[in-house]
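Here's the structure we're looking at; comments come further down.
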Amino acid sequence: MNTQFSSGLEYRSLAENKLSLCGIGSCNDENIVVPAFVDGMEVTSVDSGAFAHNDMIKSVVLPKSVDYIGAEAFAWCRHLESASLSGVLHVSTRAFIGCDSLSSIELCDKLLMIEKKAFAYCSNLTAVTLPESLYSLGASAFEGCRGLRSVILPDSLKSIESGTFYACCELESINIPGKLEYIDEFAFAYCISLDKIILPARTVINQFAFYEADGIRMVS
């Protein structure tokens, strides 16, 4: 079956016959499907702010050729419900912040980096599984994701940064990687539904890491 790609999207030229998706252009699709090639040139990235504050789009499917999403690329797209990021290796700062309807994210199994506040305030997210390839999870990456109940972290992760899961008040379960070295301040602040965390013996915990998360029992 042939895929129906979205037409009318705006692109800009990069070096070596590559393109970056830079805006909605004249496209009227609610469900955006981006092609891997346009006029023989490969689409490899999404520009910063490309779809920010767009109230029309409900889903986006990026081709595996797109490996980079710029800062605030989909910020505050309040009706965006799903995002397929099957080739993305790097999600920049605030890329999906404030997407309150976002409930489904397909992440690349080779994803390397999620920057600061990339998915903050996505209140409809209920579960997240981060791939084993991930080595950097930015501060406040999932801050304010009030509906988030389950998170699976990769064994490769060595630190949980400041405010990563701040105010994820429905978070009930999270696995702590065996090689985790440090949990920074407010990482789990106001996670009032968490009741038990099993920690590696050598993990260093900031004194405010579990601020106002009084129900948690920490077991080494």
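The values are calculated or read from the model by the stated rules, or taken from the named source; none is laboratory data. Quick caveat: nothing in here was measured; it's all calculated off a predicted structure. Here the Cβ is made from the backbone with ideal geometry for all residues, glycine too, and neighbour counts use every protein chain on show.
Couple of notes before you dig in:
- Residues (β-branched (Val, Ile, Thr) and under 11 Å from Ser20 (Cα atoms)) located in segment 37-82: Val38, Val43, Thr44, Val46, Val66, Ile69
- Any hit, segment 144-159, residues being surrounded by 22 or more Cβ atoms within 10 Å (Cβ to Cβ), of a type in the set (Val, Ile, Thr) and not assigned by TED's automatic domain parsing to the domain that holds Leu107: no
- Exclusive hit being in a strand (DSSP E or B) and either touching a residue at least 60 places away in the same chain (Cβ under 8 Å) or exposed (fewer than 13 other Cβ atoms within 10 Å of the Cβ) (or both), set Ser26, Ser45, Ser20, Ser13: Ser13
- Restricting attention to segment 83-95, the residues that are within 21 Å of Gly144 (Cα to Cα), part of a loop (DSSP other than H, G, I, E, B) and of a type outside the set (Ser, Thr, Tyr) add up to 2.
- Of all the residues in segment 152-166, those that are of a type outside the set (Gly, Ala, Ser), more than 16 Å from Leu107 (Cα to Cα) and in a loop (DSSP other than H, G, I, E, B) number 7.
- Top-ranked residue of segment 114-123 - restricted to ones that are in a loop (DSSP other than H, G, I, E, B) and touching a strand residue (DSSP E or B) at 6+ places or on another chain (Cβ under 9 Å), ranked as surrounded by the fewest Cβ atoms within 10 Å (Cβ to Cβ): Glu115
- Test: residue in segment 164-186 that is small (Gly, Ala, Ser), in contact (Cβ under 8 Å) with a residue 12 or more places away in the chain and touching a Cys at 6+ places or on another chain (Cβ under 7 Å): no
- Positions within segment 24-39 being out of contact with any Leu (no Cβ under 7 Å at 6 or more places or on another chain) and not β-branched (Val, Ile, Thr), in sequence order: Ser26, Asn28, Asp29, Glu30, Asn31, Pro35, Ala36, Phe37, Asp39
- Close pairs from segment 102-128: first more than 16 Å from Gly147 (Cα to Cα), partner among the polar types (S, T, N, Q) and assigned to a strand (DSSP E or B), Cβ under 9 Å, at least 6 apart: Glu106/Ser82; Glu106/Ser84; Leu107/Thr129; Leu112/Ser136; Met113/Ser136; Ile114/Ser136; Glu115/Ser136
- Scanning segment 1-10 for residues that are touching a strand residue (DSSP E or B) at 6+ places or on another chain (Cβ under 7 Å), in a loop (DSSP other than H, G, I, E, B) and at pLDDT 95 or above gives Phe5, Ser6, Leu9.
- The numbered conditions (1) part of a loop (DSSP other than H, G, I, E, B); (2) surrounded by 17 or more Cβ atoms within 10 Å (Cβ to Cβ) are all true for Glu132 except (2).
- For Gly98, the criteria (1) touching an Asp or Glu at 6+ places or on another chain (Cβ under 6 Å); (2) closer than 23 Å to Ser150 by Cα hold in every case but one, which is (1).
- Every residue from segment 29-42 that is part of a strand (DSSP E or B) and over 23 Å from the mean Cα position of the chain (by Cα): Phe37, Val38, Met41, Glu42
- Residues that are small (Gly, Ala, Ser) and within 24 Å of Leu102 (Cα to Cα), drawn from segment 27-51: Ala36, Ser45, Ser48, Gly49, Ala50
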